[in-house]
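Participant: Sharing a structure, written as structure tokens. Questions coming.
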Amino acid sequence: MSSQPNLLEKVIAFVDERVGLKTLQAKMLNEPVPGGSRWAYIFGSVLLFIFIMQAVTGILLMFYYVPSADHAYASTQYIIHEVDYGWFLLSYHFWGSSAMVIMVFAHMSQVFLWGAYKSPREMIWLVGLALFGIVMGFGFTGYLLPWDQRAYWATTVGVEIMDKTPIVGDFMARFLKGGATPGQMTLSRFFVIHVMILPAALMGLAGLHIFLFRKAGPAGPFRGTPEELKAKTDYFFPRQIWKDMVAMGAVFATICSLAFIEPVVLLEEATPDPGEYHPEPEWYFLFLFQLLRLKIFSGEFGQFLGAIAIPGVFMALLAALPFIDRSPERNIFKRPVALIGWIVVMATILIFTVSAIINREFLD
Amino acid sequence: MTDQPTQMSPVKLGLAVAWPAFWTGMPIKIVLCLLLLAMGQHPWEFPGLAFLLLLSIPVDIWAVGLSGRTVLLERLGVEPPASLGLTLWWQGAALAATYGSLACFLERQTIAGSQAVVARILDLELLKVIPIAERISIELTAWGSVAAVVLLALTLGGLFLFGKLVQRQADAASPAAASYEARVHQWDLMRVPADQPLMLTVFTATGVALVLLLWAFMPVTTPHPHESYKEEKKAAPPLKPTDALQKAERVLTQAEASVQTLEAKAKKSKGKASEKKAAAKQKKA
């Protein structure tokens, strides 16, 4: 038996000496997880995985997509009908965006219910809220790119809602549209925001989010004595990584299944005449869209109230949450206001989303 | 968790086994669904459904056994019986077939009944002024609340019955190690395989095989082409070089023959014309 290192070990030692590979590996994998690994902690890792997959499929789609009003629709049809596996890549990208929104909701809910936003993790929560905004921005800007009737009218509705924001609304709407009606300028701007600005912002903020998380450390479960938590404390590797990998595999398989069950099929090419089509936004904005159909939110002031004021106040409340709720109690069953508040918000979103779907059937 | 085993209500016990068992089996079932979909089979239609249900049996036995053993050892402090997974699975399957069917029937009846009652209330003359968007949301909230309460009660009932089945297994089991640390250690040894490199190799090989199967089964072009999408490319006939050369030769021979015929005709007409000219000259003279 020779104790001489083999070629691979030599290469690893060479890189380690210059990069500090082993220190990095220890830092990445030996994070203590109080109370042991849990399935409840998978959401952050799964979100990162979905984002990487969205970036990969998005880059592959960009090889064929032409971001011009004349060719966007035709190039998307070409991707679906002519490019080998193009239909699957596009459908995966489409369903991946919905999965990202669902995971963001799940991640935020878990952090909220477990009281993990409390001191000293306020900054993680705030950066997380900014990331939530970016994910919604991805959905909004990406929806226009196929340039079919659905894309065109969802954007028209979205920009009209944005227009109602005081002071900056008019400027933002004009900037995004780049003209009286959505056209080439709108498509170019949405494309740049979707493939350049938002990915860069997301990468920067996600990096900051992870850095702050590592600095503060995991919050751990909200139940259990310190002795119990210590007895079950584990390192990030291998059990949490294993759980994360299983969850990523399950999410990947689910997105692929959805791509098979409901692949992307475009409507007719975008025109300034909606014809038979009833404009509506993507499903995760449907609750807001339905809310604006209520009589109480009719008229100029009502629309402002429903589209801007209420969501704005809600987001401001979420941002202020760690500073309002100073109690160290994290057990959700001992925080009745938080529990009831979460149930009410989720039930409202669910009821108005389903109402919008029923309303759609009624209109059709 | 303390050194003393926890006393759990049947509902909590049922939930502690059924919830993780559901999520443990779910990833494998999703992968099976995906493969069926890639093969063009719908997992909710025959024969895909039968195939999925059949493959789900060993998955469920394993998943319910794993979560059941964890709860019995860690929470209840008893040695899990060897056949726990199989026993809980067949008893759970019998429960799902009887109680599950009854619960589904009751829930459907509740939804239909509450929808009818709510619609009748909202059809009252007094309430007809409610605009359509508001009416949809009120109707949904009203019958949805009733249906949700009944669903919750039925779920709790199901968990209670399943918890009783787990309780029966726990009552028949012998006590485990007294200290909590010792039980956690035993629980760890039970879950983590002895030969980890072998497990990782098997998982990697399975993953690679599944990915290859997925790409092999996946259609290259969309299974749902757009109605108005016109295929511009017409299928070109395959090129056979010898045929093409023969055809070209035939065309050239035909062309040569045509040229010769034309030349002969031209010569003839020229000859006739000069004869006519000579005759005309003679007449003039």
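Participant: Residues being more than 14 Å from chain A (Cβ to nearest Cβ) and crowded, with 17+ Cβ neighbours inside 10 Å: count how many of those fall in the stretch B:147-159.
Facilitator: 4
Participant: Among the residues that make up the stretch A:240-261, is at least one of them under 19 Å from residue A:331 (Cβ atoms), charged (D, E, K, R) and surrounded by fewer than 18 Cβ atoms within 10 Å (Cβ to Cβ)?
Facilitator: Scanning the stretch A:240-261 turns up no residue that is under 19 Å from residue A:331 (Cβ atoms), charged (D, E, K, R) and surrounded by fewer than 18 Cβ atoms within 10 Å (Cβ to Cβ).
Participant: Another question about this same structure. Here are some residues: A:223, A:189. Which one is out of contact with any Asp or Glu (no Cβ under 6 Å at 6 or more places or on another chain) and either part of a helix (DSSP H, G or I) or more than 14 Å from chain B (Cβ to nearest Cβ) (or both)?
Facilitator: Of A:223, A:189, the one residue that is out of contact with any Asp or Glu (no Cβ under 6 Å at 6 or more places or on another chain) and either part of a helix (DSSP H, G or I) or more than 14 Å from chain B (Cβ to nearest Cβ) (or both) is A:189.
Participant: In this structure, is residue B:177 within 30 Å of residue A:227 (Cα to Cα) and assigned by TED's automatic domain parsing to the domain that holds residue B:17?
Facilitator: Taking the combined requirement at face value, the residue satisfies it.
Participant: Do we have residue A:307 as more than 10 Å from chain B (Cβ to nearest Cβ), within 30 Å of residue A:224 (Cα to Cα), under 25 Å from the mean Cα position of the chain (by Cα) and hydrophobic (A, V, I, L, M, F, W, C) here?
Facilitator: In short, no.
Participant: So, one more: Tell me the residue from A:272, A:311, A:322 that is assigned to a loop (DSSP other than H, G, I, E, B) and not acidic (Asp, Glu), please.
Facilitator: A:272
Participant: Then there's this: Assess whether residue B:162 counts as being in a helix (DSSP H, G or I) and buried (at least 18 other Cβ atoms within 10 Å of the Cβ).
Facilitator: Judged against the criteria, residue B:162 is a match.
Participant: Follow-up question, since we're still on this one. What number goes with the only condition from (1) out of contact with any Pro (no Cβ under 6 Å at 6 or more places or on another chain); (2) at the interface with chain A (Cβ under 10 Å from one of its Cβ atoms); (3) not in a loop (DSSP other than H, G, I, E, B) that residue B:33 does not pass?
Facilitator: Unmet for residue B:33, out of (1) out of contact with any Pro (no Cβ under 6 Å at 6 or more places or on another chain); (2) at the interface with chain A (Cβ under 10 Å from one of its Cβ atoms); (3) not in a loop (DSSP other than H, G, I, E, B): (1).
Participant: Let me ask something else. Before we move on, is residue B:223 within 13 Å of chain A (Cβ to nearest Cβ) and either among the charged types (D, E, K, R) or closer than 30 Å to residue A:358 by Cβ (or both)?
Facilitator: yes
Participant: If you don't mind, another one. Would you say residue B:58 is surrounded by fewer than 19 Cβ atoms within 10 Å (Cβ to Cβ), within 28 Å of the chain's Cα centre (by Cα) and at pLDDT 95 or above?
Facilitator: Taking the combined requirement at face value, the residue satisfies it.
Participant: When you scan the stretch B:104-116, do you find a residue that is within 14 Å of chain A (Cβ to nearest Cβ), out of contact with any Pro (no Cβ under 9 Å at 6 or more places or on another chain) and more than 30 Å from residue B:18 (Cα to Cα), even just one?
Facilitator: Yes, the stretch B:104-116 contains a residue that is within 14 Å of chain A (Cβ to nearest Cβ), out of contact with any Pro (no Cβ under 9 Å at 6 or more places or on another chain) and more than 30 Å from residue B:18 (Cα to Cα).
Let's see how each residue does on (1) in a loop (DSSP other than H, G, I, E, B); (2) in contact with an Asp or Glu (Cβ under 6 Å, 6 or more places away or on another chain); (3) in contact (Cβ under 8 Å) with a residue 40 or more places away in the chain:
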site: A:36; (1), (2), (3): yes, yes, yes
site: A:54; (1), (2), (3): no, no, yes
site: A:59; (1), (2), (3): no, no, no
site: A:65; (1), (2), (3): yes, no, yes
site: A:69; (1), (2), (3): yes, no, yes
site: A:80; (1), (2), (3): no, no, yes
site: A:94; (1), (2), (3): no, no, yes
site: A:98; (1), (2), (3): no, no, yes
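Participant: Check whether at least one residue in the stretch A:182-201 is without any contact (Cβ under 8 Å) to a residue 60 or more places away in the chain and over 25 Å from residue A:65 (Cβ atoms), and report yes or no.
Facilitator: Scanning the stretch A:182-201, I find no residue that is without any contact (Cβ under 8 Å) to a residue 60 or more places away in the chain and over 25 Å from residue A:65 (Cβ atoms), so the answer is no.
Participant: Looking at this structure, is residue B:23 at the interface with chain A (Cβ under 10 Å from one of its Cβ atoms), part of a helix (DSSP H, G or I) and of a type in the set (Phe, Trp, Tyr)?
Facilitator: Yes.
Participant: One residue is enough: does the stretch B:128-140 have a residue meeting the conditions surrounded by 12 or more Cβ atoms within 10 Å (Cβ to Cβ), in contact (Cβ under 8 Å) with a residue 40 or more places away in the chain and either away from every other protein chain (no Cβ under 14 Å) or in a helix (DSSP H, G or I) (or both)?
Facilitator: Checked against the condition, which is being surrounded by 12 or more Cβ atoms within 10 Å (Cβ to Cβ), in contact (Cβ under 8 Å) with a residue 40 or more places away in the chain and either away from every other protein chain (no Cβ under 14 Å) or in a helix (DSSP H, G or I) (or both), the stretch B:128-140 yields no hits at all.
The values are calculated or read from the model by the stated rules, or taken from the named source; none is laboratory data. Because the structure is predicted, anything quoted here is derived from the model rather than measured. Counting neighbours? That spans all protein chains shown, and the Cβs are built from the backbone with ideal geometry, glycine included.
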